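Peer 1: Okay, handing you the structure first.
Just so it is clear, none of the values below were taken in a lab; they were calculated from the coordinates. Owing to the predicted nature of the structure, the values given are computational and were not obtained by experimental measurement. Every residue, glycine as well, gets a Cβ built from its backbone with ideal geometry; the counts of neighbours run over all protein chains shown.
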Amino acid sequence: MKLSKRLAVFLAGLLVLPLVASATFPDVPSTHPYYEAINFLQNKGIIKGYSDGTFQPEKLLNRAEFLKITLEAFAPGKANGKTCTKFPDAKSGDWFLTYVCYALENNIINGYPDGTFKPAQNISFVEAAKVLSNLKGFSATPATDPWYKVYVQNLAKVNAIAPSINKLDQLINRGEMAEMTYRLHQDITSKPSKTYEELAGIPVNSSTNKNMNAATVSNGNANAPVMNTNTNATAPAAVKEFTVSGQNHSFSPSTITVKKGDTVKITFKNVGGFHDLVIDELNVATKQISTGQEETVQFVADKVGTFEFYCSVGSHRAMGMKGSFIVQE
């Protein structure tokens, strides 16, 4: 009888423990692009959810919140008891003061030229890149112009930039924070990332760009190469432009019609959720973007038919987030 009771207790423990270890947030399904990162940080006790049990991965976070979470990840407990009077907006009694003081003491942050820290201001990607780069001990020399270039390049070298980051001044959300923190914390370098050049909008060098650069008139020098002004050159075809809005879980408009051979430019604006726009048959795909962001793709409609455009995030396609892209003869 005693053995049976012990066995029952042991089996009950086996049933309970995995549930605790794999606990996650109801708004972060296993199909979420940053599920792995969020789940890891939660299990490590680095992040917590809101009082309603959610994590809200697409919610922006401020400078104080970002600093606290990343310090808990890379320097747990080291900020305890720290105090300082550097910033007038980081005072005794503020919940974030110890984190600010530790970061200041260890040259992780500097503050703004006006002498403030701005704890409640939403953090931008370049600001986050500096904090993460410094926490990992990456070199910040030589100094670059602009100042943030070296920090972004440091993250790019180890593939630590979340794929949904699309520009340098982008305000980052909680999901993106978790993904970058997770990659750096675990030294994961095999996932898709971004480069400084991509985020800065610097075009990749190509023969076309080189030819155009070489064909620039310089200071009125008559011997300088000039642009080809052949009036017999064929004018480029007009671009058919469309703006598509996406939200949970629909596109507007849901139908686009063009002619075969048309050059098509689609500006995808995300007005709610985390989405992308994909047309498999035409090899078209935007990056996955967050609320308030937009992404543009340009391509030639070289096939006749009706093709489905859809969101590839999680089960959004199955939930009805799709439309028709019609190419007529």
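Peer 1: Can Ala178 be described as farther than 19 Å from Gly201 by Cα and without any contact (Cβ under 8 Å) to a residue 40 or more places away in the chain? Show your work before the answer.
Peer 2: Values: farther than 19 Å from Gly201 by Cα: yes; without any contact (Cβ under 8 Å) to a residue 40 or more places away in the chain: no.
Against the criterion (farther than 19 Å from Gly201 by Cα and without any contact (Cβ under 8 Å) to a residue 40 or more places away in the chain), Ala178 does not qualify.
Peer 1: Just to verify a result, which residue in segment 30-53, among those that are assigned to a helix (DSSP H, G or I) and touching a residue at least 24 places away in the same chain (Cβ under 8 Å), is surrounded by the most Cβ atoms within 10 Å (Cβ to Cβ)?
Peer 2: Ala37
Results for (1) without any contact (Cβ under 8 Å) to a residue 40 or more places away in the chain; (2) surrounded by fewer than 20 Cβ atoms within 10 Å (Cβ to Cβ); (3) of a type in the set (A, V, I, L, M, F, W, C), shown as yes or no for each residue.
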{"residue": "Lys78", "(1), (2), (3)": "yes, yes, no"}
{"residue": "Trp95", "(1), (2), (3)": "yes, yes, yes"}
{"residue": "Glu105", "(1), (2), (3)": "yes, yes, no"}
{"residue": "Gly111", "(1), (2), (3)": "yes, yes, no"}
{"residue": "Gln121", "(1), (2), (3)": "no, yes, no"}
{"residue": "Phe125", "(1), (2), (3)": "no, no, yes"}
{"residue": "Val131", "(1), (2), (3)": "no, no, yes"}
{"residue": "Ala140", "(1), (2), (3)": "yes, yes, yes"}
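Peer 1: For segment 80-186, which fully contained helices (runs of 4 or more DSSP H) count at least 1 residues that are touching a strand residue (DSSP E or B) at 6+ places or on another chain (Cβ under 9 Å)?
Peer 2: Hits in segment 80-186: 125-135, 174-186.
Peer 1: A further question on this structure: Within segment 311-329, work out how many residues are surrounded by fewer than 20 Cβ atoms within 10 Å (Cβ to Cβ), assigned to a strand (DSSP E or B) and not aliphatic (A, V, I, L, M).
Peer 2: Total meeting the criteria: 3.
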